[in-house]
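The structure appears below as structure tokens.
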Amino acid sequence: MRLKTFYAKNMTEAMQQVKETLGEDAIIVATRDENGGASVRVTAAVEPADDLPDPYPDDYEPIRNRQAQSFSNDRVDYLQYDNEEDYDGQLTEELTDVMLRHVVPNDVMDNILATAAMTGLGNAESALIAALDHLYSFHPVPHKSNKAMMLVGAPGAGKTLMIAKMATQAVMNGLNVAVVTTDTVRAGGVEQLNAFTKILKVPLQTAKTQADLKTILSQTKNHDIVLIDTAGTNPHDPDDMARIARLIDSGPVEPILAMTAGVDAEESSEIARSFALLGTKRMMATRLDVARRLGGLLAAAQKGGMSFCDISFTPRVTDGIDALDPTKLAGFLVKPDHILKSYQTPQSQNSRKTAGRSS
């Protein structure tokens, strides 16, 4: 089976590319919105043609027969097609159970199952890792950045805690970090973050307006990383979204969506699409320690065209933040308790604290 991915402005153009490249017999394996719905990505598959030219001239018929016989004798154990089909069915059944357990929407589930089946891998978790790697993108937040990292999201998504964790990690790595909060209206918003930054001996700066934030950004250009906390934003309120859009336009800022794990898939998708319109390209998953239904995260990343970046899996400020990749995401889907337990070992904690990321 031959797989190929196509990018286009809309589904009509993508389907035309599939037809022209792979022919009428191509099968659509997966589709995904990109850039907040501004473009699409389509993965298609086609069976390889059987009418390949004969590599042997007619004069070498005896040679061809001997090599065919040799292949048959040496590889007979591997040509168990019936068993292979049965195993493929078992793999699909196992992954279907995983998807249903996480309440993954049907269209997202179909994409994952079809891609996993195309990998040719026998182990269900390995096939899932390969499928997630193909269908989703993973771009961890860098340790150093020439853009300020602004966490945005709905109320209660854990933005303030994630800012505190990121600041703690930066200080532990010996970086020059600046922390800013624009959450000056919510009762206790400034005080909560200030309690963390005091311990780190990092002054907390407040920005009530866009002009305030512009001034702070101009003063922190030489910092290794600038972290900006924001108030909870209602993705269905145009005025609230306009407010956060103005803050993003204050300077070199990258908005990162904080998305709570365990939220309904349709709700998560709508939130992701709304923030994608503001230029948000990365999504940070929070509260993975208390969630056992991750279908919303998969749907949000697909519908919003966003990359997974970091995860939070404990309320402790000094721990519980890590970069997400296909293997870890598959682990949270297949055996969440096992992977959470693995994070509690001193060795795994030390490896995360010392691991570097590119800027």
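Determine the sum of side-chain charges near Thr215: Lys and Arg each +1, Asp and Glu each -1, restricted to other residues whose C-beta is under 14 angstrom from that of Thr215. List each step's numbers first, then the result.
On the way: positive: Lys208, Lys214, Lys221; negative: Asp212.
My count for the surroundings of Thr215 gives +2.
With a sphere of radius 12 Å drawn around the Cβ of Asp33, what net charge do the other residues whose Cβ falls strictly inside it have (Lys, Arg +1; Asp, Glu -1)?
Details: positive: Lys9, Arg32, Arg41, Arg273, Lys303; negative: Glu34, Asp107.
Residues close to Asp33 contribute a combined charge of +3.
How much accessible area per residue does the stretch 123-210 have, counting only protein heavy atoms and a probe of 1.4 Å, in square angstrom? Present the calculation step by step, with values, prior to reporting the outcome.
Details: 3690 Å² over 88 residues.
Each residue of the stretch 123-210 exposes 42 Å² on average to a 1.4 Å probe.
What spacing in nm lies between the two simple spin-label points modelled at Ala187 and Glu93, each 7 Å away from Cα in the Cβ direction?
Computed distance between label sites Ala187 and Glu93 equals 5.6 nm.
Under 13 Å from the Cβ of Arg292, count the other residues' Cβ atoms, weight Lys and Arg +1, Asp and Glu -1, and hand me the total.
Numbers: positive: Arg101, Arg287, Arg293, Lys335; negative: Asp289, Asp337.
Summing Lys and Arg as +1 and Asp and Glu as -1 gives +2.
Please list the radius of gyration and Dmax for the stretch 203-272, considering alpha-carbon atoms only, with Å as the unit.
Computed over the Cα atoms of the stretch 203-272, radius of gyration and Dmax are 14.1, 41 Å.
Which shape class, rounded, prolate or oblate, goes with the stretch 249-337 when its Cα gyration tensor gives a ≥ b ≥ c as root eigenvalues, a/c under 1.5 marks rounded, and past that a/b bigger than b/c marks prolate? Intermediate values should be presented prior to the final figure.
Working: a/c = 1.95, a/b = 1.34, b/c = 1.46.
Oblate is the answer for the stretch 249-337, as a/c is 1.5 or above yet b/c matches or exceeds a/b.
Based on the Kirkwood radius over alpha-carbon pairs, what value in µm²/s does the Stokes-Einstein equation return for the translational diffusion coefficient of the stretch 121-190 at 20 °C and 1.002 mPa s? Please report the intermediate quantities before stating the final value.
Numbers: Rh = 15.3 Å.
After rounding, the answer is 140 µm²/s.
Report, in debye and to the nearest 20, how large the dipole of the stretch 85-199 comes out about its Cα centre when Lys and Arg carry +1 and Asp and Glu carry -1 on their Cβ. The partial results should precede the final answer.
On the way: 7 positive and 12 negative charges, 269 e Å.
Taking the Cα centre of the stretch 85-199 as origin, the dipole is about 1300 debye.
What is the packing order of peptides 13-21, 322-330, 272-280, 183-191, taking the mean over residues of other C-beta atoms within 10 Å and listing the highest first?
Values: 13-21: 15.4, 322-330: 19.3, 272-280: 20.9, 183-191: 13.3.
Listed from highest to lowest mean packing, they are 272-280, 322-330, 13-21, 183-191.
The values are calculated or read from the model by the stated rules, or taken from the named source; none is laboratory data. The model shown is predicted, which means the values in this text are computed figures rather than measured ones. Counting neighbours? That spans all protein chains shown, and the Cβs are built from the backbone with ideal geometry, glycine included. Please note that ligands, DNA and RNA were not included when accessible areas were found on the heavy atoms of the full protein model with its side chains. Shrake-Rupley method; radii C 1.70, N 1.55, O 1.52, S 1.80 Å.
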